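For reference, the structure is listed below as structure tokens.
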Amino acid sequence: MHKSASGSTLGPGGLDLTQAFFKPINNAAPSSTPNPHNKISVIGVGNVGMAIAQTILTQDLTDELVLVDVNADKLRGEMLDLQHAAAFLPRTKIHASTDSSITAGSNLCIVTAGARQIAGESRLNLLQRNLSLFRSIIPPLVRHSPDATLLIVSNPVDVLTYVAWKLSGFPSNRVIGSGTNLDSSRFRFLIADHLDVNAQDVQAYIVGEHGDSSVALWSSISVGGVPVLSFLEKQQIAYEKETLENIHKSVVESAYEVIRLKGYTSWAIGYSVANLARSILRDQRKIHPVSVLAKGFYGIDGEVFLSLPAQLGRGGILGVTNVHLNQEETQRLVDSAKTILQVQTELGI
């Protein structure tokens, strides 16, 4: 019996669905030849950076892990602490240095470094300090690893991903922000909790800004393949829009609650970023809501990075999913883009 090869065609005549499902982003470039030796560099060894590093190690995602920070003592302490766990971890070479040249040949550079807000400091002034910081971080990474993918985690992630793109000169598909990947995980958890199902069976996205103007895509939510809102309408089951808004509000406020209770967030973002690293380095071609160059999508005009469901692989962003948005969701997404663009204008970049 003849068995057809797996591919992107479907049905008689071989309809190619790839172009229908995914749209390429502007200023993208083809991926380079994959390097079988994986090297990940994490820039910044604060709570977030170390949670990411620890998760990457335990999930055996890289052959070599490099830590970079300006605080030499803390940096060496973190490196030694991880190295001492070698007997309990997959074999990974762990290095650390204050000199960015140690990152040379990285496949993936994860940037978590960022200036902390001073009491009474305006958001714009904080952004200006982070802009100065990125001017000292990004160019050396590019110089030492010209074929790497940059994954930005520092906040405000959308603006700083745009900054990294401009400073790097990389094609847009190789500069990614962690965006709303974690927000969407929180969203799926809350929906699953309401419906008493496993969060892995919930398909749901938060898009737009990683922040207050994010957009919940209620129209496309499904559980076990069943579109939730259309199912409720067909079954004439009443639901209140306020309930939906409260779930989204809980997503936006959840990070603030964690920070209030323990002082910072770490583990969830660690798992989220490791999940992105896996998709990129192992060419998983999974779809994640991450911060991408959104110009040309859903009527967005202007060079702005915000989160859209995107397919990730060895080439970074392989394409953006053509998810249907209703009129209200589209308008909210455009408004979210305008919010980010206004910040970029104030920064003068």
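The values are calculated or read from the model by the stated rules, or taken from the named source; none is laboratory data. Small disclaimer: the values here were computed from a predicted structure and weren't measured. Heads up, the Cβs are rebuilt from the backbone with ideal geometry, glycines too, and the neighbour counts pull from every protein chain shown. The protein model used for the area step is the full one, side chains on, heavy atoms only, and it has no ligands, DNA or RNA in it. Shrake-Rupley method; radii C 1.70, N 1.55, O 1.52, S 1.80 Å.
Mind listing whichever residues of the stretch 65-84 are outside any helix (DSSP H, G or I) and open to solvent by 30 Å² or more (accessible area, probe 1.4 Å)?
Correct list: Asp69, Val70, Asn71, His84.
Kindly indicate whether Ser172 is touching a Leu at 6+ places or on another chain (Cβ under 6 Å), open to solvent by less than 20 Å² (accessible area, probe 1.4 Å) and farther than 26 Å from Pro36 by Cα.
No: the conditions fail for Ser172.
Going by what's in this entry, would Glu329 be described as in contact with a Phe, Trp or Tyr (Cβ under 9 Å, 6 or more places away or on another chain) and either under 30 Å from Ala51 (Cα atoms) or not aromatic (Phe, Trp, Tyr) (or both)?
When the stated conditions are applied, Glu329 passes them.
Going residue by residue through the stretch 41-51, is there one that turns out to be open to solvent by 40 Å² or more (accessible area, probe 1.4 Å), more than 18 Å from Leu281 (Cβ to Cβ), among the polar types (S, T, N, Q) and over 20 Å from the mean Cα position of the chain (by Cα)?
no
Looking only at the stretch 222-231, decide whether some residue is assigned to a helix (DSSP H, G or I) and at pLDDT 90 or above.
no
Any residue that is closer than 28 Å to Leu318 by Cβ, in contact with a Ser or Thr (Cβ under 6 Å, 6 or more places away or on another chain) and open to solvent by 40 Å² or more (accessible area, probe 1.4 Å) - is there at least one of those in the stretch 31-39?
no
Can you name every residue in the stretch 177-197 that is open to solvent by 60 Å² or more (accessible area, probe 1.4 Å), in a helix (DSSP H, G or I) and over 30 Å from Val159 (Cα atoms)?
Result: Asp193, His194, Leu195.
Out of all the residues in the stretch 155-168, is one or more touching a residue at least 60 places away in the same chain (Cβ under 8 Å) and in contact with a Pro (Cβ under 6 Å, 6 or more places away or on another chain)?
no
Out of the residues in the stretch 160-169 meeting the condition of being small (Gly, Ala, Ser) and outside any loop (DSSP other than H, G, I, E, B), tell me which one is surrounded by the most Cβ atoms within 10 Å (Cβ to Cβ).
In this case the residue turns out to be Ala164.
Do we find that Ile110 is within 22 Å of Val258 (Cβ to Cβ) and touching a residue at least 12 places away in the same chain (Cβ under 8 Å) in this structure?
yes
For every residue, the table says whether it meets (1) modelled with pLDDT of 75 or more; (2) among the hydrophobic types (A, V, I, L, M, F, W, C); (3) part of a loop (DSSP other than H, G, I, E, B).
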site: Pro12; (1), (2), (3): no, no, yes
site: Gln19; (1), (2), (3): no, no, no
site: Ser32; (1), (2), (3): no, no, yes
site: Ser41; (1), (2), (3): yes, no, no
site: Val48; (1), (2), (3): yes, yes, no
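Identify, please: which residue in the stretch 198-209 is open to solvent by less than 60 Å² (accessible area, probe 1.4 Å) and out of contact with any Phe, Trp or Tyr (no Cβ under 7 Å at 6 or more places or on another chain) and is, among those, farthest from Asp301 (Cα to Cα)?
Val202
Go through the stretch 57-84 and report how many residues are touching a residue at least 24 places away in the same chain (Cβ under 8 Å) and over 12 Å from Thr112 (Cβ atoms).
17
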